[in-house]
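See below for the structure under consideration.
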């Protein structure tokens, strides 16, 4: 299981390090994702769903940090990969050691879905979906001559895939 976790973390780092340009996600998205994680935990939502939102929040923070580094003219070739690795380590590593109700958040023996830890699966899918939603927004904006198609599109595009998959996992894990 630890090898699979390291493998997935490595793939996430590689996937997100190919991003050519830092494009921050708006603060409202980050706040929405953070609130979603807090509410989910409070209401006893499945770890897969919480992981989706943790992954989305992590990617949002990565975008923010890369945007900040870009504005500060920090153009090191190591900035993007180190930021990505750093955030995923800061998020995922403690979840192996933090215990809630006597059990670690990641690594519970019977807390698996599709043969993978539910929280880790959620983080991986949430990260990829949030990233894809943000990139799709940029694509649509560019296609529309630099303008959004509707108000708050920049918020809706990254959050919508997380909402949809949250409902899907809710019914699957119910």
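The values are calculated or read from the model by the stated rules, or taken from the named source; none is laboratory data. Computed from a predicted structure; not experimentally measured. Glycine also receives a Cβ, built like all others from the backbone with ideal geometry; neighbour counts cover every protein chain displayed.
General remarks:
- When residues of the range 148-163 are limited to those that are farther than 9 Å from residue 130 by Cα and not in a loop (DSSP other than H, G, I, E, B), the one modelled with the highest pLDDT: 163
- Taking the range 1-91 and the helices (runs of 4 or more DSSP H) fully enclosed by it, the elements with 3 or more residues that are at pLDDT 90 or above are at 47-71.
- Any hit, the range 121-138, residues being part of a helix (DSSP H, G or I), touching a strand residue (DSSP E or B) at 6+ places or on another chain (Cβ under 8 Å), surrounded by 13 or more Cβ atoms within 10 Å (Cβ to Cβ) and touching a residue at least 24 places away in the same chain (Cβ under 8 Å): yes
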